[in-house]
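Here the structure is laid out as structure tokens; the discussion comes afterwards.
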Amino acid sequence: MEEADFMILRRTMFTGAASLACAALVLSAAPPATAVTAAAPVKVGDVQQAMEALVKTGHVVGAIGEVYVDGKRVGKGSAGSRLLDGKGGAIPSTARYRIGSQTKTMTAAVALQLVKEGKLSLDDKLSEVLPEVAKKDLVERADEITVRHLVQLTSGIPDYIGPDTSSPTRNYRPTDLLAASRKNARRVEVGTFDYSNTNYILLGMIIEKLSGRSLAAELNRRLFAPLGMRHTYLPAKANEGIKGPHGHGYAPDEAGTMRDADKINATTLLGAGGVISTMREMSTFQRAFRQGKLLPASLSKLITDPPPGQTPPPAGGPCAGNPEFAAGGGGSAPGFTAATLTSSDGRVQFAVSLTLAMDNDERSTVPTRITNALKSLFCPGT
């Protein structure tokens, strides 16, 4: 696993097979605003040109992007094609796509809503809320790990990504993912940041146990339906692809041949990175989250603030003046990278989805490409 941080997008790369998992947790230098005040108009560049420039950077199959200001779309663009080698026509900017680890913010928001309601405590031990994982030895030191540790990725629980979770057709249970994680060595002590998707598999299990509903149903009940996100959903089957026209990403096989990586096994993603959405609806979610409509600031800062021991990203946006973009907001896996970059006050969102045909090493350059696109839209003269 390889990590790369820069001013806007934090990503975590995985080097496993194309059917494997997701990337980046949303982290921000500033807490979400509790109210929106009058502000100067936001100037936005040409989104279509920005998408065309992204495709020209190389090995980008398709790029779609939209910009929203105060909930209204003010720009959109689509470049490249749905399929490799210019086939399949253009991707509609309104198409669904995988959001990757942007899912983690949603899972954390639901878990923290349970905290707000008194059904869960940040200091609850994992062995108390999920005693079965301790009894079956699925998580080491479950009697020390708290809900807070899971949210902030400081439990030290190893990731489950690897050969034991690489089948594209097997329907994995969350306990299967935990069993795979248990085979891997702990790298850090409890309380130290270490990016691991297993934390959010466990949060999903906690949500299901306390709500009596599937994670997909609870995300819909608490977030998607109230916010009018009718096209957003969490798939839960191994062979469940993206609904409707969408872009296909590609990743190299062992021989280096690019293979379609469209049907990622949803049962290896779940609350860590499985949600499928649209640009409008991701902008809706980020606006609501940043403007304090989903959680009080005392709880949302557990998502937006850097975890203990992590250096805060630099404050401010990519260029002087407004909007001031918060850090974070991306997700990635072999075949795609997606991000919803949002201003700290929730007024402005730049949503982008790239379908790729590149190896893991080249994918590490994609965050910089997205930052450059953002600068072209909001930084005159760059």
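The values are calculated or read from the model by the stated rules, or taken from the named source; none is laboratory data. Keep in mind that what you see is a predicted model, and the values were worked out from it rather than measured. Note that we place each Cβ from the backbone using ideal geometry, even for glycine, and neighbour counts take in every protein chain shown.
Taking the range 297-308 only, how many residues are loosely packed, with under 14 Cβ neighbours inside 10 Å and either over 18 Å from residue 146 (Cβ atoms) or at pLDDT 90 or above (or both)? Walk me through how you get there before you give the answer.
To start, the set of residues in the range 297-308 that are loosely packed, with under 14 Cβ neighbours inside 10 Å comprises 297-298, 308.
Among the residues that remain, those that are also either over 18 Å from residue 146 (Cβ atoms) or at pLDDT 90 or above (or both) are: 297-298.
Summing the residues that are loosely packed, with under 14 Cβ neighbours inside 10 Å and either over 18 Å from residue 146 (Cβ atoms) or at pLDDT 90 or above (or both) in the range 297-308 gives 2.
Going residue by residue through the range 108-118, is there one that turns out to be surrounded by fewer than 23 Cβ atoms within 10 Å (Cβ to Cβ) and over 24 Å from the mean Cα position of the chain (by Cα)?
Checking the range 108-118: at least one residue is surrounded by fewer than 23 Cβ atoms within 10 Å (Cβ to Cβ) and over 24 Å from the mean Cα position of the chain (by Cα).
Anything in the range 243-270 that is in a loop (DSSP other than H, G, I, E, B) and either of a type in the set (S, T, N, Q) or in contact with a His (Cβ under 9 Å, 6 or more places away or on another chain) (or both)? List them, or say none. Reasoning before the result, please.
In the first step, residues of the range 243-270 are kept if they are in a loop (DSSP other than H, G, I, E, B); the result is 243-249, 253-257, 261-265, 269.
Of everything in the range 243-270, those that are in a loop (DSSP other than H, G, I, E, B) and either of a type in the set (S, T, N, Q) or in contact with a His (Cβ under 9 Å, 6 or more places away or on another chain) (or both) turn out to be 243, 244, 257, 261, 262, 265.
Please go through the range 96-119 and give me each residue that is of a type in the set (Gly, Ala, Ser) and closer than 13 Å to residue 249 by Cβ, ordered by number.
Narrowing the range 96-119 to residues of a type in the set (Gly, Ala, Ser): 100-101, 108-109, 111, 118.
Residue satisfying the conditions is 100 alone.
Of the conditions (1) outside any loop (DSSP other than H, G, I, E, B); (2) closer than 30 Å to residue 287 by Cα; (3) touching a Phe, Trp or Tyr at 6+ places or on another chain (Cβ under 7 Å); (4) without any contact (Cβ under 8 Å) to a residue 60 or more places away in the chain, residue 229 satisfies every one except a single condition; which number is it?
It fails just one condition, (1).
Condition check ((1) in contact (Cβ under 8 Å) with a residue 60 or more places away in the chain; (2) surrounded by fewer than 24 Cβ atoms within 10 Å (Cβ to Cβ)) across all residues:
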residue: 83; (1), (2): yes, yes
residue: 92; (1), (2): yes, yes
residue: 122; (1), (2): yes, yes
residue: 135; (1), (2): no, yes
residue: 147; (1), (2): no, no
residue: 158; (1), (2): no, yes
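Can you confirm whether residue 217 is in a helix (DSSP H, G or I) and free of Cβ contacts under 8 Å to residues at least 60 places away in the same chain?
Values: in a helix (DSSP H, G or I): yes; free of Cβ contacts under 8 Å to residues at least 60 places away in the same chain: yes.
The answer is yes for residue 217.
Give, as residue ranges, the strands (runs of 3 or more DSSP E) completely inside the range 1-87 that count at least 3 residues that are under 22 Å from residue 277 (Cβ atoms) and either modelled with pLDDT of 95 or more or basic (Lys, Arg) (or both).
Here the list reads 60-69, 72-80.
Assuming residue 239 fulfils every condition listed in (1) under 15 Å from the mean Cα position of the chain (by Cα); (2) under 22 Å from residue 217 (Cβ atoms); (3) of a type outside the set (A, V, I, L, M, F, W, C) apart from one, which condition is it?
It fails just one condition, (1).
Considering the range 217-262 alone, what residues qualify as being surrounded by fewer than 16 Cβ atoms within 10 Å (Cβ to Cβ) and either of a type in the set (Val, Ile, Thr) or on the phi > 0 side of the Ramachandran plot (or both)?
Scanning the range 217-262 gives 228, 244, 256, 257.
One line per residue, one yes/no per condition, for (1) touching a Leu at 6+ places or on another chain (Cβ under 6 Å); (2) surrounded by 24 or more Cβ atoms within 10 Å (Cβ to Cβ); (3) part of a helix (DSSP H, G or I):
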position: 288; (1), (2), (3): yes, no, yes
position: 293; (1), (2), (3): no, no, no
position: 310; (1), (2), (3): no, no, no
position: 313; (1), (2), (3): no, no, no
position: 316; (1), (2), (3): no, no, no
position: 332; (1), (2), (3): no, yes, no
position: 337; (1), (2), (3): yes, yes, no
position: 345; (1), (2), (3): no, no, no
